[in-house]
Amino acid sequence: MKTLVTYSTLTGNTKKVAEAVFEAVSGEKEIMDIKSIKETDGYDRILVGYWVDKGDANEEAKKFMETLKNKKVGTFGTLGAYPDSEHAQKCVEKISEALKANGNTVVAEFICQGAIDPKIIETMRKMGSNGPHAPTPEREARWAEAAKHPNEADFSAAKDVFGKLD
Ligand SMILES: Cc1cc2nc3c(=O)[nH]c(=O)nc-3n(C[C@H](O)[C@H](O)[C@H](O)COP(=O)(O)O)c2cc1C
């Protein structure tokens, strides 16, 4: 069983989770930034890391996942929202459904919070109370919590999920 762990990342959160996933996976394995992938034929299993962008996998990860057909695929993601939120669960489902539609088998799923780029938070604060991401106390609390992730508990949870694969 040869596994490829790959990831797309803007600010490093998803790369950190990818490294935890890589550590946990058994058998022959490689880890690679999505940008470096030339072909996927030599792998029995592909574990793809994405970050959530507007409620879906970020474009680069999405494009890559669209190239996968009839493979064993696992996904792991990071996002600003809480992982047990409806928003997070919808993202995970959407991504898995798209993979399944191309004949892939989804062997594992994982999602956790990841610090939001402070520049983005500043922009949302500047947009003020009329913007779609108005800085309410609830949002500020969520952003502050996200800033602490991914943390050791997230890495450990990811390792549990991916370490269980054959
Ligand atoms: C342009 C942009 C769009 C985002 N959209 C969402 C979103 O729709 N939902 C969400 O929960 N988080 C969203 N986030 C937060 C990121 O998914 C989160 O911070 C993630 O951990 C970033 O991963 P990275 O460090 O690997 O790039 C967004 C961040 C950016 C920069």
For this session: Can you pull the one-decimal nm distance between simple spin-label points at K119 and K63, each 7 Å off the Cα toward Cβ?
Result: 2.0
Exercise. Cross-link list K35/K71; K90/K126; K90/K148; K100/K164: which exceed 25 angstrom alpha carbon to alpha carbon?
Worked result: K90/K126
Exercise. Packing-wise, with mean Cβ within 10 Å as the measure, how do 77-85, 17-25 rank, highest first?
Worked result: 17-25, 77-85
Exercise. Rounded to the nearest 500, what is the chain's calculated 222 nm mean residue ellipticity when only DSSP H runs of at least 4 contribute -39500 (n - 2.57) each, over all residues?
Worked result: -12500 deg cm²/dmol
For this session: Note down the magnitude of the dipole of the range 1-43 about its Cα centre, charges +1 on Lys and Arg C-beta and -1 on Asp and Glu C-beta and zero elsewhere, to the nearest 20 debye.
Result: 140
For this session: Within the range 59-85, which residues have the backbone N less than 20 Å from the label spot 7 Å out from K148 along Cα→beta-carbon, could you tell me?
Result: 78-85
Exercise. Which order do peptides 106-117, 130-141 fall in by mean Cβ count within 10 Å, highest first?
Worked result: 106-117, 130-141
Exercise. If one takes the longest principal axis of the Cα atoms in the chain, at what angle in degrees, from 0 to 90 and to the nearest 10, does the Cα axis of helix 13-24 lie?
Worked result: 30
For this session: Would you mind estimating how fast the chain diffuses translationally, via Stokes-Einstein at 10 °C and 1.306 mPa s with the Kirkwood radius over Cα pairs, in µm²/s?
Result: 98
Exercise. Using a simple spin-label model with points 7 Å from Cα along the Cα→Cβ vector, what separation in nm is obtained for V106 and S129?
Worked result: 3.9
For this session: Could you state the angle between the C-alpha long axis of helix 152-163 and the longest principal axis of the C-alpha atoms of the chain, as a value from 0 to 90 degrees rounded to the nearest 10?
Result: 30
Problem set entry | Compactness of the range 40-92 - radius of gyration and Dmax, Cα, Å | 12.0, 36
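Defining a contact as two alpha carbons under 8 Å apart and six or more residues distant in sequence, what relative contact order in percent does the chain show? Please report the intermediate quantities before stating the final value.
On the way: 303 pairs, mean separation 41.2, N = 166.
For the chain, the relative contact order is 25 percent.
Find the accessible area per residue for the chain; the probe is 1.4 Å, ligands and nucleic acids are left out, and the unit is Å².
52
Round to a whole number: what % of the accessible area of the range 53-112 belongs to carbon and sulfur, probe 1.4 Å? Please list the in-between numbers first.
Details: 1480 of 2970 Å².
Roughly 50 percent of what the probe reaches on the range 53-112 is carbon or sulfur.
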Problem set entry | FRET efficiency estimate (nearest 0.05) - Cβ-Cβ, K35 to K2, R0 22 angstrom | 0.60
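The values are calculated or read from the model by the stated rules, or taken from the named source; none is laboratory data. Note that this is a predicted model, so its numbers are computed, not measured. Neighbour counts run over all protein chains shown; Cβ positions are idealised from the backbone, glycine included. What goes into the accessible areas is simple: the full protein's heavy atoms, side chains included, and nothing from ligands, DNA or RNA. Shrake-Rupley method; radii C 1.70, N 1.55, O 1.52, S 1.80 Å.
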